[in-house]
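S.K.: I'd like to ask you about the structure that follows.
Please treat every number below as a calculation from the coordinates, not as lab data. Remember, it's a predicted structure, so these values are computed and weren't measured experimentally. Methodologically, a virtual Cβ is constructed for each residue, glycine included, from the backbone with ideal geometry; neighbour enumeration extends over all protein chains shown.
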Amino acid sequence: MLLTAEEKEMLEGKHGKGNQTAMKIQVAIGESFHAGRMVPISRAHVALSNQEADLWFVEKLLDAGAYCRISPTVNPGFDLEYFKKITTIKKEDEDTMGRTGKAYREIGATLTFDCTPYLGSNIPRFGEIVAFSESSATPYINSVWGARSNRESAQSALCAAITGRVPEYGFLLDGNRAGDILVEVQADLSGDHRYQLLGMAAKKIGNGVPVFLGIPRDVSPEGLMNLGAQLNTVGAYSMFHIVGVTPEAPTLEKAFYAKKPKKKVVITDHDLAELEKSLISYKGPIDFALLGCPMLTISQVGDIAKLLKGRKLKVTMYILTNSLTKELAKKMGYLNLINDSGGHLLKDTCMDQPPFWRDMQGKFGVTESPKCAYYSKRRDINYAVMDIPSCVEAAIQGEIK
Ligand code: F3S
């Protein structure tokens, strides 16, 4: 790889041992993808997991003196103070969360604890080269904002934040951003939940960059968030195009960079109905409800609050969002409505964290997120997946009717 004088200095350790380790990792990644050079980044997002391996990595770099040139936003762990009020937190979990916050603060991250930075705290401009990890974040910033990032891991994104560079390969290069698969959507897409189902059609769509035709121009940010999150739960997608909606797809021809599609797939109402059936195969009592994977926007939190107004929940309901949205929900009176119904609006919290997996093991809940249901299965926490109003109603009734 061609390195600048400064990059060579980093590799030789002249900018400190932590910076050298990060650069070594990035050069190795670059070489394995045949990158010709490194290029500067202006933003990063690190999908920290608040689990042992993640903590080991960041603490190792920190101990070696690493510091972020580009302050990355970070994924959620859990809201330690809030959980301490509502449940018992094990000492080891408290320690891990405390150490995670400390390590990322000291290495220079911006502690957003949010898995949807692309909707608020970290929005790149068109063409900007960035390093984003997190399964719903990478497709959103590539596809919707037209920024350029590979599908980074938490570790490679942290290294990029430290060196301020990424190896130039993959989705940073024009040719690799061309569409591969034409996906003609003939299904009804009214409501954001339908985009969860469309994303779940990844198996039928197959590998490559999908170009969707037939998605309405007024698709909401939440619909686009759901689409990317589920595409990347069932498969592995760094970007998609939507003709007439996303910036690199003003026309079908431009989305394919004037090449022919490698294959064509049609998604019908029948496909989505089959996928939906696989998600709700249960009627009867539930133990809890969990909404917000990815974290919910203020409009979604507002919708839930209005549905809960003047009603009481029969089972525990957790609603996950970022701290800025929780603050806004307080100002708008939504937090009071949620609290009055017995629900919990949690900030900084991912559903795949100890307070959930320790308390909910063996239980059955409802969620709006196929991603949440998929990840939780391995911990013996099971879900029926339904749209948000149906989840709220089930939590009020204490059962799926
Ligand atoms: Fe966010 Fe955790 Fe789901 S990071 S997308 S709440 S798995």
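S.K.: Using alpha-carbon positions, what is the distance between the centroids of the range 100-129 and the range 38-61, in Å?
M.R.: After rounding, the separation between the Cα centres reads 11 Å.
S.K.: When we measure straight from the Cα of Lys85, which lysines land under 16 angstrom away, once same-chain ones fewer than 8 places off are left out?
M.R.: Filter leaves Lys347.
S.K.: Let me ask something else. Placing +1 on the Cβ of each Lys and Arg and -1 on the Cβ of each Asp and Glu in the chain, which of Ser156, Gly65, His270 has its Cα farthest towards the positive end of the resulting dipole?
M.R.: Result: His270, furthest along the dipole toward the positive end.
S.K.: OK, next. Sorting check: for 378-385, 316-323, which peptide has the highest mean count of neighbouring beta carbons within 10 Å, and how do the rest follow?
M.R.: The peptides rank, most packed first, as 316-323, 378-385.
S.K.: Moving on to the next point. Using alpha carbon centroids, what distance separates the range 131-153 and the range 332-401, in Å?
M.R.: One Cα centre to the other: 27 Å.
S.K.: Same structure, new question: Using Stokes-Einstein with the Kirkwood hydrodynamic radius over Cα pairs, what translational diffusion coefficient do you get for the chain at 10 °C and a viscosity of 1.306 mPa s, in µm²/s rounded to a whole number?
M.R.: Reported coefficient: 72 µm²/s.
S.K.: Could I ask something else about it? Compute the semi-axes of the equivalent ellipsoid of the range 88-230, taking the square root of 5 times each eigenvalue of the Cα gyration tensor, and list them largest first in whole Å.
M.R.: Values for the range 88-230, descending: 31, 21, 13 Å.
S.K.: Can you give me the distance in nm between label points at Asp269 and Phe33, each placed 7 Å from the Cα along the Cα-to-Cβ direction?
M.R.: Between Asp269 and Phe33, the simple spin-label model gives 4.2 nm.
S.K.: Another question, then. Within the range 306-345, find all residues whose amide N lies under 18 Å from a label point positioned 7 Å from the Cα of Lys401 along Cα-to-beta-carbon.
M.R.: The answer is 307-315.
S.K.: From Cα pairs below 8 angstrom and at least 6 apart in sequence, can you work out the relative contact order of the range 261-390, rounded to a whole percent?
M.R.: After rounding, I find 28 percent.
S.K.: Could you order the peptides 340-346, 155-161 from most to least packed, using the average number of other C-beta atoms within 10 Å per residue?
M.R.: The peptides rank, most packed first, as 155-161, 340-346.
S.K.: Another one. How much mean residue ellipticity at 222 nm does the chain get from its helices, if each DSSP H run of length 4 or more adds -39500 (n - 2.57) and you divide by all residues, to the nearest 500 deg cm²/dmol?
M.R.: Computed mean residue ellipticity for the chain: -12000 deg cm²/dmol.
S.K.: Also: Sort by residue number and name the cysteines in the chain that have no neighbouring cysteine Cβ under 4.7 Å.
M.R.: Cys68, Cys115, Cys159, Cys350, Cys391
S.K.: Still on this structure, please answer the following. Could you give the length gained on full extension between Leu252 and Ile86, defined as 0.36 nm per residue of separation minus the Cα-Cα distance, in nm?
M.R.: Gain on stretching Leu252 to Ile86: 54.6 nm.
S.K.: In debye, nearest 20, what is the charge dipole magnitude of the chain about its Cα centre with +1 on Lys and Arg Cβ and -1 on Asp and Glu Cβ, if you could check?
M.R.: 120 debye
S.K.: Gap in Å between the Cα centre of the range 290-304 and the Cα centre of the range 234-285?
M.R.: The distance from the Cα centre of the range 234-285 to that of the range 290-304 comes to 23 Å.
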